[in-house]
Each structure stands twice: as structure tokens, then as C-alpha cells.
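This report refers to the structure that appears directly beneath it.
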Amino acid sequence: MAREKSVLLEIKDLHIEGRVDEKWIEIVHGVDLTLHRGEVLGLIGESGAGKSTIGLAAMGFARDGCRISGGSIEFDGMELTSTPESDLRVLRGSRIAYVAQSAAASFNPSHKIIDQYTEAPVQYRIRKRMESQEDAIELYRRLRLPNPDEIGFRYPHQVSGGQLQRAMTAMAMSCRPDLIIFDEPTTALDVTTQIEVLAAIRDIVDQFNTAAIYITHDLAVVAQMADTIKVLLKGDEVEQADTRTMLDSPQEEYTKSLWAVRSFRSAQKTPADPSETPVVSMKNVDAAYGDIKVLEDISFDIHSGRTVAVVGESGSGKSTAARCITGLLPPTSGTIEFKGEVLPASYKDRTKDQLRQAQMIYQMADTALNPKKRISEIIGRPAAFYGNLKGADLKKRVDELLDLIELEPRQFYERFPAELSGGQKQRIGIARALAADPTFIICDEVTSALDQLVAEGILRLLDNLQQELNLAYMFITHDLATVRAIADEVVVMKDGRIIEKGPKDEMFTPPHDPYTDLLLSSVPEMDPDWLTTLLEERGVDNVGEAARDHQS
Amino acid sequence: MNYFIIGYYAMLIGASCVAAYFKNRQAFLLIFTLTLVSFVMGLIGGESVLWSVTVAAGLIAASAGIAYSFREFLIIILPKQGAKTMRTAPLTASFGLFVVIIYVIAAVFAPVIAPFGQAEVVGTSFAPPDDKMLLGADQLGRDMFSRIIYGARNTMGLSLMTTAIAYLMGCVLGMLAAVRGGWLDQFLGRLVDVIMSIPSLIFALLLLSIFGTQLYILVLVIAFIYTPYVFRLSRAVAGNIVVMDYIEAARLRGEGTWHLITREVLPNAMAPLVAEFGLRFCFVFLLVAGLSFLGLGIQPPTADWGSMVRENATLISFGEITPLIPAAAIALLTVSINFIVDWMLYLSAGLKD
């Protein structure tokens with residue numbers, strides 16, 4: 001056991017600098033980190049906290065435009081900051097492995113999965129090619145990938161996202177490293193898939209007694225995975241403690257605020273009067289991309305001043321439903337009514353006023369705002385376009401809107417989107433929608449690209465705006481915590497159909513349709529035993545496969 | 001052994017020692033390799049080869065010096081934002097800028113700079129250079145230097161106009177195709193394929209022999225030939241932009257096609273289009289020069305670098321470098337523009353927004 005507990009990685013007083021406008025600015029200010037063999041350390045914090053930078057530094061690597069400017073990184077008795085690059089390269093891949101956030105982007109699309117697995121062991125002469133292939137299949141089996149004998153011989157685009165993430169974890173294990181760095185490995189996955197990957201990672205780390213650094217911004221996830229948790233803020237350590245202590249009694253204010261995020265709830269509204277004409281009403285809508293049917297018989301109503309959350313995994317058709325409402329994808333049958341009036345199917349045939357009434361807020365504020373336009377132009381355009389405002393009137397309106405989204409007008413008026421943080425960009429997206437003076441707004445995963453604290457701010461803002469302006473929201477999301485926070489009614493979708501719909505309170509109390517139950521129970525909770533208990537409850541090793549069997 | 005050769009090797013070896021002493025690996029390797037190569041070349045070619053090496057090294061050093069001081073000059077005179085960009089510019093780019101600016105000055109102030117008119121006969125044919133005629137006379141006794149200056153104006157002006165027209169047509173059509181899509185995209189795309197399937201020089205010869213060789217026809221024909229290339233580029237660039245959410249937002253707002261093209265797509269497509277403009281300008285420039293060389297381009301007695309190469313081509317057999325001067329002018333401009341384009345491509349790829 002002495003060997004098991006020995007220190008594997010010790011980082012002392014790590015300083016990292018990043019190059020901004022030809023100046024070096026310190027982004028990590030002296031962080032210490034100790035990791036024993038077989039231990040899993042969770043690094044959490046908002047974006048920009050330096051989680052990934054520290055994770056990479058544990059391999060002695062600094063991204064382009066960054067440099068390790070001080071401190072020491074000792075890996076198994078070896079000082080990484082002074083090791084030549086060629087030795088580091090051997091170390092990475094063979095003794096330290098890295099699992100990236102997006103497996104889909106990290107695999108080379110033109111090589112088979114198993115060939116990418118065998119590359120490192122063969123190159124470092126750890127195993128022969130055939131041995132390594134057998135080893136891969138064995139690991140695929142342990143990670144409970146379907147058809148382990150055959151799946152490796154497919155190309156990355158031929159397997160699903162969750163399977164690819166597991167294959168990548170297997171690949172990280174290919175040289176039996178002492179340390180694996182997981183950089184947000186499940187952030188891009190659906191909740192039901194996330195469980196498979198989490199269970200797989202936990203098992204494999206256990207089985208091989210591998211040490212791991214698990215980087216994430218999702219507290220509930222890190223609670224399942226890590227032995228100890230370290231909280232980071234802007235390149236500084238906030239606190240560190242073992243998982244249970246950290247969850248039960250966080251010491252620092254910042255940590256407490258992170259813990260409290262999930263407690264936001266919008267005020268419960270009275271149920272909408274069914275006799276009142278809904279703002280938007282989808283009636284038996286079918287839609288298809290070419291010959292492939294993506295929506296079948298979708299009907300739901302959205303009343304003024306209410307929020308309807310549309311929930312489902314990726315590919316369930318929730319965004320397609322939004323495209324039907326906006327007229328980007330004309331339905332093949334069924335109608336969309338706006339305040340009792342049938343809307344033309346295509347947005348091209350709608351009047352300016354109909355277009356004005358329904359606005360949209362996008363998931364990725366980066367692609368939703370024109371990078372070459374100033375904030376004043378981005379927000380001002382809808383106001384000028386619909387309201388024919390000019391000059392001083394227009395400026396007044398833009399100031400009003402910036403006030404509404406709680407940004408200081410004078411400071412932001414002349415800026416470009418690139419000069420804003422993620423949360424500020426999303427606020428600008430909201431202001432652009434508000435500039436049209438709409439009655440109905442579609443929010444397409446508006447918080448999923450944001451940190452939890454920032455996301456909470458956006459949700460509060462949307463809630464305030466709803467009360468002030470009596471807006472109706474269609475809130476598309478896969479995050480059930482968000483649903484719990486803001487929804488009045490919930491629509492659960494799966495494979496282009498509505499599985500269940502009803503008021504929020506009813507939806508969060510069982511019993512339900514099996515799929516809804518599966519979805520709800522898959523949302524990680526802040527209890528460190530949650531995953532273990534859940535797996536036992538379901539009585540299966542592989543929750544994802546079981547879920548699929550369950551439905552068919 | 002004379003002083004030149006001794007000095008030559010002494011300097012090289014001394015410089016290598018200095019580089020080695022200061023642990024400048026790259027500089028040492030370069031200088032010492034040059035020393036070794038010089039031994040071999042000196043043995044084979046004798047002193048004259050060493051002279052040309054010295055001249056070449058001197059020219060490169062002078063160009064680097066010009067580029068360096070010109071960059072410093074620009075950093076000082078430009079406003080803050082421009083100065084910041086220039087500070088990161090490589091020497092090649094500032095050299096390119098310098099050459100292009102010299103050419104532009106020559107083109108704009110041609111009548112002031114040139115001592116004689118472009119069609120003025122001032123000496124005997126093929127007169128050697130003297131005080132009056134810096135580069136000698138051509139086959140009709142016209143001043144070579146004056147004709148080169150006027151040539152900058154004619155050849156560059158024509159190419160600039162042509163490229164601008166090609167760009168106007170290509171960009172508008174390309175972005176229209178990308179924004180509208182559907183049958184319009186298909187139709188324009190196939191039309192462009194047909195035009196591009198004909199070799200450009202032959203197509204130009206064909207069209208020029210049908211329509212005549214007036215200047216405006218020349219401009220239109222070359223613009224027409226290069227429009228498809230611009231179309232393809234702008235359509236591809238715009239194609240990546242029109243799938244963005246902000247374009248979707250603008251469409252859903254009910255914006256017209258013209259607004260989409262000019263206000264939403266074009267500002268984001270500027271960087272690659274401008275870089276391509278420089279490159280396309282070179283191609284047009286070379287095609288004009290080539291057509292002039294074949295006798296279908298700019299008509300005499302108007303001075304033009306392409307036809308000047310042809311007219312003086314016979315001199316090359318007498319070991320005279322006169323016909324190479326307009327050719328060198330063409331080459332220098334093309335290389336310089338490419339230096340600038342490389343830099344701009346780097347800038348547009350490295351931009352953070």
C-alpha cells in the first residue's frame with residue numbers, strides 16, 4: 001500500500017503567463033497541487049479560472065501564447081519544467097494521457113478508432129500492433145461499448161458521441177498511464193449518455209489504480225468522480241478539501257455561491273386560463289428534412305407571460321420545433337397559430353409585424369452576433385428596422401435596452417462582440433430580441449454554453465423581463481436544472497414526438513412515462529453517492545444500453 | 001590572391017566566429033555554410049563568382065535595411081492602431097509595401113519624374129546609357145527610363161481597373177449566389193464552370209480578335225475572364241458566413257438580400273477577399289503583360305512593360321540586359337505584392353475576432 005499512496009504529481013507555486021497584445025499577463029498565480037497514485041482530483045471553476053491551463057501544465061505543456069513562468073511541476077520524481085521537449089513528448093501519451101472535451105473533434109476522422117488506439121503503444125514500443133489491438137478490444141469490453149470486437153474498426157463518424165468519448169477514454173488508457181487528465185469529458189453529452197461515460201471513467205480509473213485530474217464546471221459531476229475537490233477562481237486557488245467535506249461545509253464565500261446557484265427558482269405563476277387564446281399554438285405539426293421525418297404530431301400552446309420548457313436529448317427535435325415556429329422549416333402538415341391567427345408556413349411569406357412579434361435567442365452568442373458590428377448597431381438594427389427609429393430616438397432606445405439587460409450603456413455602446421465576455425454577449429443577444437418589442441421569445445439552449453453563475457444571472461434576467469414585459473418564452477434545453485428553475489410548463493420530446501407535457505410541479509413528481517423518469521433520474525445530483533446508488537437501483541452495469549432496451 | 005579575396009574570407013570567418021561566440025545558432029550556420037560554399041565556388045568560378053555573391057548579399061542586406069527603416073518610419077507616422085499592426089509585420093511585408101509605394105508614386109507622377117515623353121524619340125536606336133538617358137534607348141531611340149516610368153502608369157492602372165471590375169462583378173454575384181442559394185446558385189455556378197473550362201490566355205486572344213484591341217475592350221475582356229475566380233472565392237467565403245446564427249437572425253428579421261450582402265456578409269468576408277485582391281491583381285498584371293508581349297494588349301506607342309520586353313528582345317543575344325529591366329520591374333512588383341498578401345493572409349488567419 002505504501003506504493004499506492006506515494007505522491008505522483010506535485011505542483012508547487014505554479015505561475016503561468018499568457019501573451020496579450022505583446023505583453024505577458026499572469027493567468028495562474030501560484031497554485032499548489034498534490035496528487036497521489038490512484039487518486040482523483042476534481043478541478044472546478046468558471047471559464048477563465050485556469051482549470052484547463054493547470055491541467056495541461058500537469059503534462060509540462062503550455063498552450064500557444066502561454067508559458068510556464070515559475071514554480072515546479074514534479075511528476076514521479078521528474079521535474080517537468082526543466083525537462084527537454086523531446087523527453088516530455090515521450091512522457092505524454094505513455095505515462096500521462098489527456099482526454100479532451102470533444103471526442104468528435106479530437107479523433108482524426110480519416111483513421112479507424114482502433115488504429116488511433118494502437119498508435120501510441122506501437123510508437124513507444126510498449127506493445128506490438130496486434131497485442132495492442134487485442135488490448136483495445138479488452139478495454140472496449142470493460143468500458144461496455146456495444147460490439148467491442150468490432151466497434152474499433154469503425155471510423156469516428158460511425159459511432160455515437162457517448163461511445164466516442166468512451167473510446168477516447170480507452171485510448172487514454174492504451175499505454176496504462178499513471179495519470180489521466182480529463183478536461184470536461186462529458187460537458188458536450190446528453191444526461192443519459194453522460195451517465196454511461198461517468199460510470200465507465202470511474203470504473204476504469206478504479207481498475208487500473210490510475211491517478212486522474214478531472215476538470216469540469218459541473219459540481220454534481222465532480223461530486224461523483226473526485227476524491228478531493230479544488231476550487232479555482234481567476235487563476236487562484238479558493239479552497240481544497242475532500243469531496244464530502246467540500247459539499248457539506250464549504251468554507252469560502254465563492255464556493256458557497258457556486259453551491260447556491262442551483263437554488264434559483266422563478267416565482268410560481270398561476271396556471272394559464274385555458275379559455276384565453278394562447279400566444280403561440282402548434283397544432284398537429286409534422287416536419288421533415290427531405291424524406292426524413294423529424295417531427296410527428298407536435299401540439300402545444302404557449303400562453304402570454306408563461307414559460308414552456310421543451311426538454312429532450314439531442315436529436316429529439318426540440319430545435320426543429322423552434323425552426324417550424326420561426327418559419328425556417330415549413331411544416332409538412334399542421335399549422336402554427338399566433339394569437340389565434342394562422343401564420344404562413346415560411347418566414348418569407350410573413351409580414352414584418354408577424355416577424356417582429358416572435359424573436360429568437362441563440363445558444364452560441366459567438367455565432368449569433370455579427371463580429372464586425374458594434375453593439376449599438378447590433379441592438380439598434382431591429383429597432384430601426386421595425387420601429388423606423390433614427391438618430392437621437394434610436395440612441396435613446398438602445399440605451400434603454402442596455403439598461404434593461406443591466407449593462408452600462410456608455411461602456412458598451414461602441415464595443416465589438418469580441419470585447420465582451422460570454423455572459424455579456426448572451427445579454428446582447430437578449431437585447432437584440434427585445435429591441436423588436438416582441439410578445440414571444442424562443443430561447444434555444446441560451447444558458448448551456450455559460451458558466452453556472454453567469455447562467456443563473458441570465459435566467460434571473462429572463463425571469464425579470466418576463467414579469468416586466470409579459471413575454472411568453474419557449475425555452476429549449478437539455479438541462480433539467482434550468483427547467484426546474486424557470487419553467488411553468490414542461491414538454492418532453494423524444495425522437496420527434498411529444499412523450500409527455502404538463503405543469504412543472506406535476507412533471508417533477510413521479511410516476512411518469514418511463515422515458516421521462518429515465519431523463520429525470522439521469523440528472524446528476526450533488527450527493528457523492530448518487531451515481532453508485534443510481535446504478536444499483538437500475539440494477540445494470542450499463543445504464544445507457546438499458547435505457548435503450550427499455551424504450552424499444 | 002588579392003586583397004578582395006583575402007578580405008572576403010576574413011570577413012566571413014570573422015563573422016562566423018562572432019556568431020558562434022554569441023551563441024546565435026541560426027546566424028552562425030548561415031554564415032559558415034556560406035563560407036564553405038564560397039570555397040568551392042571560388043575554386044571553380046574564380047574571383048568573379050565571389051564578386052556576384054558579394055553583390056547579391058549586399059543587395060539582400062540593402063533590401064532588409066530599407067525594409068527595416070521603412071517599417072520604423074511607418075510605425076512613427078501611422079496612427080496608434082496602424083502602428084501596432086506594423087510593429088508585428090515581417091520585414092518582407094514592409095519591403096513589399098515600400099516597393100508598391102515607390103511604384104504608385106512613379107505611376108502617379110510619371111510626367112514629372114520622366115525626363116522625356118513616352119513616345120518621344122531622343123536618341124539613336126539602342127543607344128547606350130549616358131547622362132541624358134539613364135538606361136539607354138530602345139529600338140526606336142526612345143528613352144528607356146521614361147518609358148519604364150510611363151509603363152508603371154499604363155500597365156498598373158489598367159490592371160487595377162480590370163481587377164476592380166472583376167471584383168465588383170465576382171463579389172456581387174458570388175455573395176448573391178451564397179445568400180439566395182437554390183437555382184440561382186446552381187445556374188451561376190455552372191455558368192462559371194463553363195467559362196473557367198476555357199484556358200484564359202486563349203480565351204482572351206479569341207475575344208480580343210473578335211472585338212478588337214481598344215483599351216476599354218481589353219479591360220472588359222480580362223475582367224470577364226477573371227470574374228469566375230472571384231465568384232468562386234467570394235461564394236465559398238460567403239457560404240461559410242451565411243450559415244451563422246446572426247445571418248439567420250437577420251433573415252428572420254425580414255432583411256432584404258442587399259442588406260444581407262452588404263451589411264452582414266461583406267464585413268466578415270473582407271480579409272480573405274482583400275488578400276485575394278492582391279494576388280488576383282498580379283495575375284491580371286501578368287496576363288496584360290503577356291498579351292502585350294503577344295501584340296494584343298496595350299497598343300504602341302503607349303509604353304507598357306510587356307511590349308517593352310518583346311520590342312527589345314533581340315538585344316538579349318548581344319549580352320545586353322536592357323530587355324530584362326521591364327521584366328525585372330514586373331517581377332519585383334509581383335513578388336512585393338505577394339509579400340504583402342502573405343502578411344495579410346497571416347493577419348486575417350490570426351485575428352482574434
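If you take the charge dipole of chain B about its Cα centre, with +1 on Lys and Arg Cβ and -1 on Asp and Glu Cβ, which of B:TRP51, B:GLY136, B:VAL108 is farthest toward its positive end?
Towards the positive end, the residue furthest out is B:VAL108.
Show me, for segment A:380-392, the HN-Hα J-couplings you get by feeding each phi into the Karplus relation (A = 6.51, B = -1.76, C = 1.60, θ = phi - 60°), rounded to Hz, glycine and proline as x.
Each residue of segment A:380-392 in turn: x, 4, x, 5, 6, 6, 8, x, 6, 7, 9, x, 5 Hz.
Could you count how many Lys pairs in segment A:2-255 have their Cα atoms under 16 Å apart, skipping same-chain pairs fewer than 8 positions apart?
Pairs that pass both the separation and distance tests number 4.
Amide H to amide H under 5 Å from A:GLU500: which residues, 5+ apart in sequence or cross-chain, H placed 1.01 Å off N in plane?
The answer is A:VAL492.
Would you compute the Debye intensity of segment A:51-207 from its alpha-carbon atoms alone, equal scatterers and no solvent, and pass along log10 I(q)/I(0) at q = 0.09, 0.10, 0.21 Å⁻¹ to two decimals?
-0.29, -0.36, -1.40
Divide the volume of the convex hull of the Cα atoms of segment A:391-540 by its number of residues and quote the answer in cubic angstrom per residue.
Taking the convex hull of the Cα positions in segment A:391-540, it is 150 Å³ per residue.
Determine ³J(HN,Hα), in whole Hz, for all residues of segment A:244-257 in sequence, where each value follows from phi through the Karplus function 6.51 cos²θ - 1.76 cosθ + 1.60 and θ = phi - 60°; x replaces Gly and Pro.
With the stated coefficients, segment A:244-257 comes to 5, 4, 4, 6, 6, 9, x, 8, 7, 4, 4, 4, 4, 5 Hz.
Placing +1 at every Lys and Arg Cβ and -1 at every Asp and Glu Cβ, with all other atoms neutral, what dipole size does segment B:247-309 have around its Cα centre, in debye to the nearest 20?
Dipole size: approximately 100 debye.
5 Å is the cut-off here: which amide hydrogens, built 1.01 Å from N in the peptide plane, fall below it relative to A:PHE440, excluding neighbours closer than 5 in sequence?
Those lying under 5 Å, H to H, from A:PHE440 are A:GLN359, A:ALA472.
How many partner chain Cβ atoms sit within 10 Å of a residue's Cβ in peptide A:381-387, on average, as a whole number?
3
Once you keep just the Cα pairs under 8 angstrom separated by 6 or more residues, what percentage relative contact order results for segment B:144-350?
28 percent
Which aspartates and glutamates have a Cα lying under 16 Å from the Cα of A:LYS293, excluding residues fewer than 8 positions away in the same chain?
A:ASP495
Which Rg and Dmax, in Å, describe the Cα atoms of segment B:70-129?
Rg and Dmax of segment B:70-129, Cα atoms, are 17.9, 53 Å.
Sort the following peptides by mean Cβ neighbour count (other Cβ atoms within 10 Å, averaged over residues), highest first: A:452-464, B:62-74, A:479-491.
My ranking of the peptides, most packed first, is A:479-491, A:452-464, B:62-74.
Treating only the Cβ of Lys, Arg, Asp and Glu as charged (+1, +1, -1, -1), what charge dipole size does chain A show about its Cα centre? Round to the nearest 20 debye.
With only Lys, Arg, Asp and Glu charged at Cβ, the dipole is about 1660 debye.
When only Cα pairs under 8 Å and 6 or more residues apart are kept, what is the percent relative contact order across segment A:2-255?
That works out to 27 percent.
Pull up the cross-link candidates among the aspartates and glutamates for A:LYS396, meaning alpha carbon to alpha carbon under 16 Å and not fewer than 8 places away within one chain.
In chain and number order, the partners are A:GLU377, A:GLU406, A:GLU408, A:GLU414, A:ASP437.
Using bins 20 angstrom wide from zero, how does P(r) for chain B break down, in % of all Cα pairs?
23, 47, 27, 3, 0
So, how do all the Cα-to-Cα distances of segment B:144-350 break down into 10 Å bins, in percent, from 0 on up?
Cα pair-distance distribution for segment B:144-350, in percent: 8, 30, 30, 19, 9, 3, 1, 0.
With the radius of gyration and the Kirkwood radius both derived from the Cα set of the protein assembly as shown, what is their ratio Rg to Rh?
Using Cα coordinates only, the ratio equals 1.04.
Kirkwood-based Rg over Rh for segment A:355-434 (C-alpha set), two decimals?
With Rg and the Kirkwood Rh in hand, the quotient comes to 0.93.
As an exercise, take the mean of 1/r over every pair of distinct alpha carbons in segment A:280-514, invert it, and state the Kirkwood radius in angstroms.
For segment A:280-514, inverting the mean 1/r across all distinct Cα pairs yields 18.3 Å.
Using the Karplus equation 6.51 cos²θ - 1.76 cosθ + 1.60 (θ = phi - 60°), what ³J(HN,Hα) coupling, rounded to whole Hz, does each residue of segment A:36-53 give in order, writing x for Gly and Pro?
Each residue of segment A:36-53 in turn: 8, 4, x, 9, 10, 10, x, 9, 10, x, 6, 5, x, 7, x, 4, 5, 4 Hz.
For A:ILE213, what residues show an amide H to amide H distance below 5 Å, using hydrogens built from the backbone and excluding near sequence neighbours?
The list, which skips near neighbours in sequence, is A:LEU41, A:ILE180, A:ILE181, A:PHE182.
Could you estimate the translational diffusion coefficient of segment B:3-80 from the Stokes-Einstein equation, with Rh from the Kirkwood formula over C-alpha pairs, at 25 °C and 0.890 mPa s, in whole µm²/s?
For the chosen part, D equals 171 µm²/s.
Peptide B:239-249: average number of partner chain Cβ atoms within 10 Å per residue?
6
Every number in this text was worked out from the coordinates using simple rules, so none of it is lab data. Every value quoted in this text rests on a predicted model; they were computed, and no experiment measured them. Glycine gets a Cβ as well: all are built from the backbone with ideal geometry, and neighbour counts include every protein chain shown.
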